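In what follows, a single structure is set out as structure tokens and then discussed.
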Amino acid sequence: MNRREGHGWHQTLSMWQQICLITSTLIGVGVLTLPRTTSSKLFEAGWIAPLIGSAGAFVSLWLIVKLSKRYPGETFIEYSHKVWGSARRPWVGKVFSLPWICTYLVYLYFSTAVVSRVFGEVVVTSVLLQTPLEVILITMFLLVLFLCMHEVEVVARVNELLFPFIILPLLFIAIASFQKAEFGNLLPINHVSMRSTAEGVYEGIYSYSGFEIMFVFFAYANQNTNKELAGFYSLLIAALLYMLIVVAGISVFGYEELQRVTWPTLELVKSTQVPGFILERLESAFLAVWVSAVFTTVANAYYAVVYSLRQLFRKGIRFQRVVAFVLLVPLFFFSRIPQNITEVFKLASLLGLSSLVINLLFPVVYWVAILIRDMVTRREGRNVDG
Amino acid sequence: MENQQRNFGTWQITSIMISSMIGVGILTIPRTSTMLLQQAGWIGPISGALIAGVAVTAIVYLGNQFPGLTFVEFMPRIFGSVIGTMCICLFILYQFFNAGITARVFGEVVVTSVLPDTPLEVIIVTLLLLVLFLCCHEIEVVARVNELLIPFLLLPSLLIPLVSFMNADWYNLLPFHVESWTDVVKTGLDTYTLYTGYELLMVYFAFAIPGARLGVASITGMSFAFVVYMISVIAGISVFGYEELQRLIWPTLELVKVTQRTGWFLERFESAFLAIWVASVFTTIGNMFYATIFSLRQWFRKGIRFQRISAIVMMVPLFFFSLIPQNIVELYSYLKHLTTMGYMVTIFIPILLAITQFMRNKINKGRKENIEKGGT
Amino acid sequence: MSMGKFLRYFALLIVCTSLLTGCWDRRELEERASVLAIAIDQDEDDENLYKMTVQIPIPIKIAGSSGKGGGSGADAVKIMSVTGRTVTDAANNLQMRLNQRLFLGHTRILALSEEIARKGIQDIMDSFRREPQIRRLLWPIVVRGKASTLLEIKPRIEPIPVVFLMGLIENGMKLGRIPDQTLGDYFNQTSNLTMEPFLNYVEASKNEVSWKGVAVFRGHKMMGILDHLQTWALIQLRNEKPGGDIVIALPKTKNGYVSFRPHFAKKKVTIQDDFSATFHCELQGDIVELTEDLHIPPEQFVTQMQALIKKEMENRAKKLLQQLQKQYNSDILKLGLTLRAKHYHDYWKTHDWKKDFRDFPIRVKYTIKLRRLGMEMQ
């Protein structure tokens, strides 16, 4: 049972690739609605939400890094049964790890569906009004499928390549829109109750979901890189970017108007006038570039699912390709389940809740399990010695 | 500072002199010199030149007496350390204020005539940053910059009046008669301010190559400036008539605008003129501020690093000083006060210095003869 | 690996075919009827119907007219009017009369007649909120009389009337004389609890259009207008834009005038502890005209003029506040925003700004900084 059999390559992800991988997965469709969701509960102080939300994400990601450090070079799928089972009876571990792995995969799978659906909705409501939603979804899925035909290394490189296309437009929009900003809209900060702060922060945390793919990808990080630091930087980039966007949204529109706008960030693009810019309808250009941000989010999550399945069944790249192809069909239908935009948002919000559970619960439970095991083995060891 | 090389050629000295003298004053000289003398306003530059000439002679004399020394070093030697220090202070302060006011006047011209919606601060800051850059270098660079920019300065200031002679009406210059000679003196005192800038030679002479002919350099410089002013005034009077000149805020700039009317070349020629004219203002302010900073450096006997830091530090009060006058009327009253201070610094002190030095030489010679006599 | 290769090529094939067939939303430029401006009036016959007038450029005419000159240029646009119960209804009726699909992505002007603005325009604005083609940067304008007259002008200078109108507004904006009130601003201001919106107000005659000031709203209802002098005071106090030249009659002269051109305006709002507001406004500018010589020394002239202009501007501001507070009761000064931002707990929570604005004590203090006198010596 050679673990390295499935992948004829080694741990090669550089620090920068890890950062790109995490950040580009984090930044997806959530940014388009972020100013609205955060300011709906926190009003003028909406920008605090991504800030506090990032704290939770930091802790969770740190735990994931620690897990991967304990089992270097192994993915979540591989080390799960070691955590839950004992050396003498491997099947115990396999059986007990199965529910965790399944939950993880199902969650990732559905998040892929929802994210691509949200993306489709954005495109259909704002630029391509006559295009059927299905076509947009299929195009996206085919692109994802194409990526899933390749090894992990390729995924890292694609993320690295697309990284600037994700960061720069957002940065540009946020900064350019400040010329219309009314900073009085950001004040006062201190009049929301604790309860609504908590609710607002919950909305903020959802925008950080996505880093759970690192359960898988950290296994391939270069041994010499500092994974904690990579995680820290990538969350920092995302947090700053989110904050900038929310501040821009609130200061330009005011929180009252934000509640009435479906895609605030897109409206921000629409109401930004860039001096000397010839392109009048900037939002089409923005969305065109935006595709890459959504693509990385969807593709990374889907890749994690497919790759995990491959590892679970200990198969090769060929299996991965077939699975990727086969799983797309139900994915397509799942993404079409919500009947209208309100249902989509409801589902997205539900997904946010589950991401909270997965991201915080999984690492903590795993660590508790590991610590208990350690205590037991130490006692046994002492017993043997004694 | 002792290791500063003395390598300014005669031409470099001349160009420093010309470019320090010709600055913002040229824009207003047709008005200032005709204010009292009316159609005979062209006498103004002459009488001004005569007054300035005396002081220049004194400075040249001092330069020859103390080769390789700036005023910071020779003033205490002549006047003793107390009065000498006071004179140095006065000189430095005068240069500092003059640089500030010149920058402001330049800003006013640009804002009034070409860029009405640009904040004044931006124009001044841009100019001062350029000056700051110059101040971060050794004195040799100043000479080379002046040498390089001199064509940009002389060409337009000669060309514009000459071209505008096309619409001159020579009867405006007649009749030639002088009402009162006191007016001539007064105008002379007014117009002599246009020649201020020569006092900077008290700094720059020190770096002339041994053997450079200081006298020739300063005569050439003076006569260049004189010719430029003279023909500007004549052009101003002959084109506009002295009555109209009184109502124009920047007569020479108006001359430029009239030139454009003749279809000679470029439309809106005054923008082009101002663009070139920036060079001349830059050299004026640059030389002044450099002299201020450099004197400070010598005074405290520090190196280039001190010079750079103090240039940056002094730039801040300079900027705020230049913004003090609230409007153009106030600016002119400040300018007037500065002129009064200028009499002191640019005329009395050099002449006094020269006379004292001359006397001292005489006495010393007498003493020496006495000693020699006693010896034999 | 052959399976993988096959799959790869297959995926590529599908991607290519799906991309190369073109898309559902492909509309060539000539297949679109680009609406440049929309005017909305009330129908003359039926009070419940809206009359929508649109201006559509005719591409061939525009290309031709540039060679021929302005004479035939007036026909470069097609103006059509339809009626409908709502805006969308009217648009549907219009589509039935057009050979091409209506396209609103290039709409720059939305003209509203004063009549319907006074009745309230919430219902009209709703469709503009939902329509994704509509840009938040378009300019809604209130027109005296019928809104359609604005689209029917023949300015001659430009073949397309809307381009002329856009130039007029854009230029005014750059000079700081016309406030830049876009549709997006209108949306923001109507949803914001602290402020009220306003829109530019114009009057159109047969060949011309002229800017008259702004229409002040309360909620979605127009309350009244501010003329250009009050508007300039408004944009000095609100947007820190200089506004237009200030022409004042000189006291103690027969027919003398002085004109002051502000170049920069700065404002600062302070709220005193007893809840009264003071606007401090600083204007920097030049004298551009003085029709009668005062024969006084320049220093005195400057101080006199500064005092004169200060008094004039404070009077204008007083009149502006009088109109806004007592007549229209509409806070378009963004004062409520300042109050909410800085005095949330001690003022905002306990007061209803929509009611209390009327009696809120506001003072305006101008500081005039006369910088230059132009190219003339005095």
Odd one out for residue A:186 among (1) closer than 26 Å to residue A:42 by Cβ; (2) more than 10 Å from every other protein chain (Cβ to nearest Cβ); (3) in contact (Cβ under 8 Å) with a residue 40 or more places away in the chain
(2)
Filter the range C:164-182 down to the residues that are closer than 21 Å to residue C:236 by Cα and touching a residue at least 60 places away in the same chain (Cβ under 8 Å), then identify the one that is nearest to the chain's Cα centre (by Cα).
C:179
Would you mind listing the helices (runs of 4 or more DSSP H) fully within the range B:208-320 where at least 3 residues are buried (at least 23 other Cβ atoms within 10 Å of the Cβ)?
B:214-240, B:251-261, B:269-299
In this structure, does residue B:50 turn out to be more than 14 Å from every other protein chain (Cβ to nearest Cβ) and over 29 Å from residue B:216 (Cβ atoms)?
no
Looking for something more than 21 Å from residue A:179 (Cα to Cα) and out of contact with any Ser or Thr (no Cβ under 6 Å at 6 or more places or on another chain) - is there at least one such residue anywhere in the range C:170-191?
no
From the list B:285, B:312, B:293, B:371, pick out the single residue that is away from chain C (no Cβ under 14 Å), of a type in the set (A, V, I, L, M) and farther than 21 Å from residue B:100 by Cβ.
B:371
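Rundown of residues vs (1) farther than 19 Å from residue C:307 by Cα; (2) buried (at least 16 other Cβ atoms within 10 Å of the Cβ), yes/no style:
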site	(1), (2)
C:235	yes, yes
C:248	no, yes
C:257	no, no
C:261	no, yes
Conditions (1) farther than 17 Å from residue B:61 by Cα; (2) part of a helix (DSSP H, G or I); number of the one not met by residue B:324
(2)
What do you reckon, is residue C:254 modelled with pLDDT of 90 or more, of a type in the set (D, E, K, R) and at negative phi?
no
Filter the range C:135-162 for residues that are touching a strand residue (DSSP E or B) at 6+ places or on another chain (Cβ under 9 Å) and among the β-branched types (Val, Ile, Thr) and give the result.
C:141, C:142, C:143, C:149, C:153, C:160, C:162
Can you name the helices (runs of 4 or more DSSP H) wholly within the range A:245-357 that have at least 2 residues being free of Cβ contacts under 8 Å to residues at least 60 places away in the same chain, within 11 Å of chain C (Cβ to nearest Cβ) and surrounded by fewer than 21 Cβ atoms within 10 Å (Cβ to Cβ)?
A:317-335
How about the range C:278-308: which of its residues are out of contact with any Phe, Trp or Tyr (no Cβ under 7 Å at 6 or more places or on another chain) and within 30 Å of residue C:357 (Cβ to Cβ)?
C:278, C:279, C:280, C:282
Is there a residue being within 10 Å of another protein chain (Cβ to nearest Cβ), hydroxyl-bearing (Ser, Thr, Tyr) and assigned to a helix (DSSP H, G or I) anywhere in the range A:193-215?
no
Selection within the range C:319-359 - over 27 Å from the mean Cα position of the chain (by Cα) and either in the same structural domain as residue C:220 (by TED's automatic domain parsing) or in contact (Cβ under 8 Å) with a residue 24 or more places away in the chain (or both)
C:342, C:343, C:347, C:359
Pick out the one residue from C:356, C:331 that is acidic (Asp, Glu), at pLDDT 85 or above and surrounded by 20 or more Cβ atoms within 10 Å (Cβ to Cβ).
C:331
By residue number, the members of the range B:11-25 that are modelled with pLDDT under 85 and either surrounded by fewer than 24 Cβ atoms within 10 Å (Cβ to Cβ) or assigned to a helix (DSSP H, G or I) (or both) are B:24, B:25
Within the range C:259-356, helices (runs of 4 or more DSSP H) holding 1 or more residues that are of a type in the set (D, E, K, R) and away from every other protein chain (no Cβ under 14 Å):
C:298-321, C:353-356
Would you call residue A:117 out of contact with any Ser or Thr (no Cβ under 7 Å at 6 or more places or on another chain) and not hydrophobic (A, V, I, L, M, F, W, C)?
no
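Results for (1) modelled with pLDDT of 85 or more; (2) in contact with a His (Cβ under 6 Å, 6 or more places away or on another chain); (3) away from every other protein chain (no Cβ under 14 Å), shown as yes or no for each residue.
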residue	(1), (2), (3)
C:12	no, no, no
C:19	no, no, no
C:54	yes, no, yes
C:62	no, no, yes
C:74	no, no, yes
C:86	yes, no, yes
Those strands (runs of 3 or more DSSP E) completely within the range C:136-249 that have 1 or more residues that are within 14 Å of chain A (Cβ to nearest Cβ) and touching a Lys or Arg at 6+ places or on another chain (Cβ under 8 Å) are C:139-143
Based on what the data block shows, is residue A:259 under 22 Å from the mean Cα position of the chain (by Cα), at pLDDT 85 or above and of a type outside the set (A, V, I, L, M)?
no
Scan (1) more than 14 Å from chain C (Cβ to nearest Cβ); (2) under 21 Å from residue A:25 (Cβ atoms); (3) among the aliphatic types (A, V, I, L, M) for the single condition residue A:98 breaks and write down its number.
(2)
Identify, please: which residue in the range C:183-209 is without any contact (Cβ under 8 Å) to a residue 60 or more places away in the chain and of a type in the set (Ser, Thr, Tyr) and is, among those, nearest to residue C:236 (Cα to Cα)?
C:191
Could you grab me the full set of residues in the range C:111-135 that are in a helix (DSSP H, G or I) and within 12 Å of chain A (Cβ to nearest Cβ)?
C:125, C:126, C:129, C:130
Test residue A:167 against the criterion of being in contact (Cβ under 8 Å) with a residue 12 or more places away in the chain, of a type outside the set (D, E, K, R) and over 21 Å from residue C:334 (Cβ atoms), and give yes or no.
yes
Considering every residue within the range B:36-53, establish whether at least one is outside any helix (DSSP H, G or I) and either buried (at least 24 other Cβ atoms within 10 Å of the Cβ) or in contact with a Gly (Cβ under 8 Å, 6 or more places away or on another chain) (or both).
yes
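The values are calculated or read from the model by the stated rules, or taken from the named source; none is laboratory data. Every value quoted in this text rests on a predicted model; they were computed, and no experiment measured them. Neighbour counts run over all protein chains shown; Cβ positions are idealised from the backbone, glycine included.
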